[in-house]
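Take a look at the structure below.
Bear in mind these aren't lab numbers, they're just calculated from the coordinates by the rules spelled out. Bear in mind the structure is a predicted one, so any value in this text is a computation, not a measurement. Cβ sites come from the backbone with ideal geometry, for glycine too, and all protein chains shown count toward neighbours.
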Amino acid sequence: MSSPSVRLDGPKLFSVRMHATAADGMHISGAEGIFPGSAVDEVVRYYTERAMSHSRGTPAKTSITVEALKQPPVLLRSLRVRTLDSSNQVESEHAIRTLLERIGVSRRAIAAAFKVLRSSSAMRGAALVCSKGGCRLEKDRSRGVRASWLGISSRARATLIRKLAPYSIATDTVLEALTLATKVAAAPGVVAELCVSDDPDYTTGYLATKALGYLRLPFIKPRGDFSGGRVIFLKKGADPSSTMSWLEQTPVIMNTTGKVGGPMPIRHIAVL
Ligand code: PML
């Protein structure tokens with residue numbers, strides 16, 4: 001079964017969140033979405049199945065939370081999707097540094113981000129990094145900030161699948177990462193988000209900003225590598241608590257879709 005999505009004209013909506021951990025508390029897998037009550041049963045089964053068959057291992061504990069939305073969701077258009085034309089990790093890392101520097105992220109902040117993403121203990125949430133000084137801004141550095149309360153409408157999901165299919169990327173992984181990146185890019189104070197999957201079998205990451213869109217980064221890590229995570233760069237002087245409150249508490253649904261394109265060399269990619 002593929003992940004179900006939401007009908008905006010449906011009855012009361014629920015956030016369904018899954019988190020699976022190993023016996024030592026190590027993060028194994030997570031997933032979430034916003035769904036009508038009638039779909040919750042099916043989603044819980046689907047998320048349990050996903051947790052139990054993850055390549056990071058069999059979880060010792062899987063928690064599934066079902067929570068009714070307390071406010072209407074904010075509606076968003078999905079970020080534009082492209083893939084960097086890269087054939088190895090060096091090229092992809094070079095593109096990250098070049099594009100981040102072009103949008104004003106300092107070398108110190110980029111180094112802080114790579115330290116998080118290359119660490120062997122993947123954080124469950126994202127690190128918040130000041131785009132100038134490179135300092136960490138989240139309250140709990142081991143937990144990080146979890147973008148949550150997010151979903152995709154049935155119509156947007158169907159349209160995105162149609163747009164992504166010609167590039168063979170119409171997968172739950174891409175749809176879920178794009179939904180999350182779209183929410184993060186809309187958060188107050190956010191300059192960019194950089195993500196490397198902590199799945200050892202998944203070697204494509206992404207860099208996202210409102211202007212750049214969602215740029216997929218192939219070969220961002222070697223196969224078999226368990227490291228990964230997310231880093232959100234904040235504007236100098238931004239208030240991290242308003243960013244956190246948007247990411248962790250405001251429900252959003254992606255209900256319209258942006259453009260989707262194919263592989264693109266770095267020289268053709270504008271960031272502003
Ligand atoms: C994750 O494991 O949640 C991150 C997935 C990144 C997806 C990148 C892509 O293929 O577009």
Exercise for the section: Please grab the % of Cα pairs in region 1-126 that end up more than 27 Å from each other. Expected result: 43 percent
Practice task
Determine, for TYR47, TYR206, the number of other Cβ atoms within 10 Å of each Cβ, and report the residues in order from fewest to most.
Solution key: TYR47, TYR206
Problem - With Cα atoms, 0 to 90° folded angle of helix 40-52 axis to the chain main axis - result: 50 degrees
Problem - Neighbourhood net charge (15 Å Cβ-Cβ; Lys/Arg +1, Asp/Glu -1) for VAL74 - result: +3
Exercise for the section: Springs between alpha-carbon atoms under 10 Å, Gaussian network over the chain: tell me which of ARG124, ARG230, ARG97 tops the mean-square fluctuations. Expected result: ARG97
Problem - Under-5 Å amide H pairs with VAL252, H placed in peptide plane, nonlocal only - result: VAL74, LEU150, GLY151
Fill in the blank from the handout: With Cα coordinates, the longest principal axis of the chain makes an angle with the long axis of helix 240-249, in degrees rounded to 10, of 30 degrees
Fill in the blank from the handout: Phi angles of region 104-118, converted by Karplus (6.51 cos²θ - 1.76 cosθ + 1.60, θ = phi - 60°) into ³J(HN,Hα) in whole Hz with x for Gly and Pro, give x, 7, 6, 4, 5, 5, 5, 5, 4, 5, 5, 4, 5, 6, 9
Exercise for the section: Can you tell me how much longer the chain between THR98 and LYS236 gets when fully stretched, taken as 0.36 nm per residue apart minus their C-alpha distance, in nm with one decimal? Expected result: 47.7 nm
Practice task
Can you give me the three principal axis dimensions of the chain from its C-alpha atoms, in Å, biggest first?
Solution key: 48, 41, 37
Handout entry: Choice from ASP198, ASP41, ASP225 showing the highest fluctuation, given a GNM over the chain with Cα pairs closer than 10 Å
Key = ASP41
Practice task
In whole Hz, with x marking every Gly and Pro, tabulate ³J(HN,Hα) for region 256-263 from phi via Karplus 6.51 cos²θ - 1.76 cosθ + 1.60, θ = phi - 60°.
Solution key: 9, 10, x, 5, 10, x, x, x
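Ranked highest first by the average count of other Cβ atoms within 10 Å around their residues, in what order do 55-63, 82-90, 209-217 fall?
In descending order of packing, they fall as 209-217, 82-90, 55-63.
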Fill in the blank from the handout: Between the Cα axis of helix 89-102 and the main Cα principal axis of the chain, the angle (0 to 90°, nearest 10) is 80 degrees
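Taking the highest mean first, how do the peptides 70-79, 146-155, 105-114, 177-186 order by number of other beta carbon atoms within 10 angstrom per residue?
Descending mean neighbour count gives 177-186, 146-155, 105-114, 70-79.
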Handout entry: Gain upon complete extension [LYS139, ASP172; 0.36 nm per residue less C-alpha separation]
Key = 8.8 nm
Problem - Relative packing of 248-254, 29-35, which averages over residues the other C-beta atoms within 10 Å, highest first - result: 29-35, 248-254
Exercise for the section: Would you please give the residues with an amide H less than 5 Å from that of GLY134, counting only those at least 5 places away or on a separate chain, with H modeled from the backbone geometry? Expected result: ALA109
Handout entry: Computed lengthening from SER55 to ASP85, 0.36 nm per intervening residue step minus Cα-Cα distance
Key = 8.1 nm
Fill in the blank from the handout: Connecting every pair of Cα atoms under 10 Å apart in the chain and solving the GNM, the largest mean-square fluctuation among SER197, SER168, SER227 falls on SER168
